[in-house]
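Everything on this sheet refers to the single structure shown next.
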Amino acid sequence: MTSPVRLALLGCGTVGQEVVRLLHEQSADLAARVGAPLEIAGIAVRRLGRDRGDLPVDESLFTTDALGLIKRDDVDVVVEVVGGIEPARGWLVEALRAGKSVVTANKALLAEDGVALHEAAAEGGGDLYYEASVAGAIPLLRPLRESLHGDRINRVTGIVNGTTNFILSAMDATGAGFAEALEEATALGYAEADPTADVEGFDAAAKAAILASLAFHTRVGAADVHREGITEVTAADMASAQAMGCTIKLLCIAARGVDSTGRETVSVRVHPAMIPRSHPLASVGDAFNAVFVEADAAGQLMFYGRGAGGAPTASAVLGDVVAVSRNRLAGVRAASESAYADLSVRPMGEALTRYHVSLDVADRPGVLAAVAGVFARHDVSIATVRQGSAGGAPGRDGDAELVIVTHVAPDAALAATVGELRGLDIVRSVTSVLRVEGGA
Ligand SMILES: NC(=O)c1ccc[n+]([C@@H]2O[C@H](COP(=O)([O-])OP(=O)(O)OC[C@H]3O[C@@H](n4cnc5c(N)ncnc54)[C@H](OP(=O)(O)O)[C@@H]3O)[C@@H](O)[C@H]2O)c1
């Protein structure tokens, strides 16, 4: 039989342990698919003594010397499931420059410095695969990077963070506030002890950058993504959404556009938004992920499944391991990064959005006209106005609730409108401001 493909596994935590298990359990099938056995040459970890259950692997394979392992001549493929920027970046650049193929689940690193990794891969001639870095088990990057290469993608809208989707789904289902829903997510293991990367949108922003780069053949980094998390979403916001037949999701949205000079642009943003219940992403509940792709010829496509967890993520990692191993045996490498389009990134202020604004206003004649005048001054056209009963503290003349939904306008104009409304005497408070996506 052909000599084995030798793997260096960097990291043996939630994902790494499942990679080891699957490599063991499916070794015969994997060997048949690759055309050679897959063998673990070594496993780099931080703590040698850590209890890793009954992993089907020889203890002698563990090391704390990741770099030493990568540099070994008998290592063909480096599988990185450690995470973080350093030392992972140094390790992977070293491996790629040395001609090894790399499989990684590290979204933070790809979004921060994907360029360095792609350049190192081009220099060394190995493959760089990262399917597990976005939406866990869902085959998404390969379809963008290969299957849809004959088409033109116009927009990618996704729910790519399971923790925040669990929290918002719980708020929708039970009426709970953010803090209460986060507590539940933490108790059930859906949120980490420090949930900042998830609830502040950093994790989703990294994934948005990766998706936009692949979908639009351009380079988008984490710093190019407008990011807002879900910590400010209240139970009252969710109730407002429900009253409109909507729910609230943390969306990542990457879209093509054209700037004032006619140049093609891309805008990439992550923020909570109201979407109608009829939208396919509205029914994506719990910790699931889904990504909605709109392309010229293919039309609308939706990818759905488990976006995290040891086994689902390991499934994507192993799919990549099989692909890069087969390429090595065939003496070929996959097409390199496609960034020919070189689109400029549009500032958030120019992104076209709609807003849902709830106001507590003084209940007296002329108020509606004054409020409408503010929208008109900023060239923001109003789609609907709903007047409810008093929601806030009683004012001099009594309060009324106004709920205004706008047509599409530049984000900066909408933000300026809300800013001016906050300064008006007749506006007691702006109780909820949310972007609206997807035809609500
Ligand atoms: N967990 C998921 O559901 C999921 C989903 C998609 C993508 N990912 C990505 O997959 C990667 C791994 O995530 P995970 O959840 O498996 O992380 P994890 O459970 O925290 O495991 C990290 C592993 O890396 C090892 N490690 C950390 N620092 C190291 C160092 N300096 N040198 C050598 N080893 C080191 C740790 O060693 P010890 O075991 O000795 O501590 C541990 O085995 C991350 O990039 C993450 O973003 C995870």
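Only the coordinates and a few stated rules stand behind these numbers; no lab work does. It should be emphasised that the depicted structure is a prediction, and the values quoted were computed from it without experimental measurement. Neighbour counts are summed over all protein chains in view; Cβ atoms, including those assigned to glycine, are modelled from backbone coordinates with ideal geometry.
Residues in region 331-339 carry Karplus couplings, in order, of x, 10, 10, 5, 4, 6, 3, 10, 10 Hz; the curve used is 6.51 cos²θ - 1.76 cosθ + 1.60 with θ = phi - 60°, and Gly or Pro positions show x. Where the alpha-carbon atoms of region 174-250 are placed on the principal axes, they occupy 41, 34, 17 Å, in descending order. Projected label points at Glu264 and Ala376, each 7 Å from Cα along the beta carbon direction, are separated by 4.0 nanometres. A helix-only calculation puts the chain at -10500 deg cm²/dmol for mean residue ellipticity at 222 nm, using -39500 (n - 2.57) for each DSSP H run of at least four residues, averaged over all residues. Rounded to the nearest angstrom and listed largest first, the equivalent-ellipsoid semi-axes of the chain from its Cα gyration tensor are 47, 23, 17. Using Cα pairs closer than 8 Å and at least 6 residues apart in sequence, work out the relative contact order for the chain, in percent. About 16 percent, as a whole number. Karplus-based coupling profile of region 230-240, in residue order and whole Hz: 10, 5, 8, 6, 10, 4, 5, 4, 5, 5, 4, with θ = phi - 60° in 6.51 cos²θ - 1.76 cosθ + 1.60 and x standing for Gly or Pro. What base-10 log of the normalised intensity I(q)/I(0) is obtained for region 350-436 from the Debye formula, alpha carbons as equal point scatterers, at q = 0.12, 0.19, 0.20, 0.25 Å⁻¹? Taken in order of the listed q values, log10 I(q)/I(0) reads -0.31, -0.76, -0.84, -1.27.
In this structure, the residue pairs whose Cα-Cα separation is over 18 Å, taken from Lys71/Lys100; Lys71/Lys207; Lys107/Lys207, are Lys71/Lys207. Over region 141-306, the pair-distance histogram of Cα-Cα distances with 10 Å bins from zero comes to 11, 39, 34, 15, 2, 0 percent, rounded to whole numbers. Sequence-ordered 3J(HN,Hα) estimates for region 344-358 from the Karplus curve with 6.51, -1.76 and 1.60 and θ = phi - 60° stand at 7, 8, 7, x, 4, x, 9, 5, 8, 9, 10, 10, 10, 10, 9 Hz, glycine and proline given as x.
Distance from the Cα centroid of region 171-185 to that of region 47-68 is 38 Å (rounded to whole angstrom). Size descriptors for region 63-160 (Cα atoms only): Rg and Dmax, in that order, 14.4, 46 Å. Arranged from fewest to most other beta-carbon atoms within 10 Å of their beta carbon, Arg346, Arg269, Arg97 become Arg97, Arg346, Arg269. Computed extension gain for Arg47 through Leu329, at 0.36 nm per residue and net of the alpha carbon distance, reaches 98.2 nm. Here the residues Glu420, Glu192, ranked from fewest to most Cβ neighbours within 10 Å of their Cβ, fall in the order Glu192, Glu420.
Calculate how steeply helix 411-422 sits against the longest principal axis of the alpha-carbon atoms of the chain, using the helix alpha-carbon long axis, and give the answer as 0 to 90 degrees to the nearest 10. Taking Cα atoms only, the helix is inclined about 40 degrees.
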